[in-house]
Amino acid sequence: MPDAPDHFVTTLDQVLEQLPLEAWRGPFDAGVQSRALEALESGKVLVLPLRFAVADAERHLLDPTTQAGRRKNVSFDPQTDRLGDTALSAEDQAALASMMRRFADAAATLLADLLPSYAGQLRRARTSFRPAEIEGRAYSVRHDDRLLHVDAFPTRPLRGARILR
């Protein structure tokens, strides 16, 4: 196979922008904010090396059996406070909803602090949680989450909006 022309060769640094963040909330340095905004506006994907704290009492919720099995994700709808696609007891559902709400709140704060010019335009939608390992599963190229892709859902069209993953 011949080498691709230079204009077709893409390196990771051309599509990914890793930011040196250590916390989920600001204030963030103006240079980091500018870098994040410039990267997004030029079509890059931001990589934020942050860890979400899971309490000891929540660790059992990370088990793959949390998922009902019909879908890849457990979903949390912040408008209704409801979970979808989970096989948990009512008590554990409440705990998982609380953990997912905490994550969604942290993500919203992160975006508002990192990208203040976007803050008024953000719309909170469902939060997804995937407790089952992706590696080793067989997916079509269209459904392979290991590949960089744009999400589009026939049941919830984005109509030009972007989502945070």
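The values are calculated or read from the model by the stated rules, or taken from the named source; none is laboratory data. This is a predicted model, so every value here is computed, not measured. Backbone-built Cβ (ideal geometry, glycine too); neighbour counts: all protein chains shown. Just the protein is used for accessible areas: all its heavy atoms, side chains included, with ligands, DNA and RNA removed. Shrake-Rupley method; radii C 1.70, N 1.55, O 1.52, S 1.80 Å.
Points to keep in mind about this one:
- First in region 52-81 and more than 28 Å from R123 (Cα to Cα), second anywhere and outside any helix (DSSP H, G or I) and modelled with pLDDT of 90 or more, Cβ under 9 Å, 6 or more apart: T65/L88
- Failed item in (1) under 29 Å from Q33 (Cβ atoms); (2) surrounded by 15 or more Cβ atoms within 10 Å (Cβ to Cβ); (3) touching a helix residue (DSSP H, G or I) at 6+ places or on another chain (Cβ under 9 Å); (4) at pLDDT below 90, with P131 passing the rest: (1)
- Only one of the numbered conditions (1) in a helix (DSSP H, G or I); (2) under 30 Å from S140 (Cα atoms); (3) touching a strand residue (DSSP E or B) at 6+ places or on another chain (Cβ under 7 Å) is violated by T65, and that is (3).
- Residues located in region 26-37, provided they are part of a loop (DSSP other than H, G, I, E, B) and open to solvent by 60 Å² or more (accessible area, probe 1.4 Å): P27, D29
- The listed residue being open to solvent by 100 Å² or more (accessible area, probe 1.4 Å), in a loop (DSSP other than H, G, I, E, B), of a type in the set (D, E, K, R) and at pLDDT below 85, out of R142, R137, R146: R146
- The residues of region 38-56 that are modelled with pLDDT under 95, assigned to a helix (DSSP H, G or I) and open to solvent by 50 Å² or more (accessible area, probe 1.4 Å) amount to a single one, E41.
- Boolean, L21 is closer than 16 Å to T127 by Cβ and assigned to a loop (DSSP other than H, G, I, E, B): no
- Top-ranked residue in region 66-83 [being modelled with pLDDT under 90 and surrounded by 13 or more Cβ atoms within 10 Å (Cβ to Cβ); ranked as nearest to R25 (Cα to Cα)]: P78
- D13 vs. criteria at pLDDT below 95 and within 26 Å of R130 (Cα to Cα): no
- Checklist (1) assigned to a helix (DSSP H, G or I); (2) modelled with pLDDT of 90 or more; (3) surrounded by fewer than 16 Cβ atoms within 10 Å (Cβ to Cβ) applied to F103, failing item: (3)
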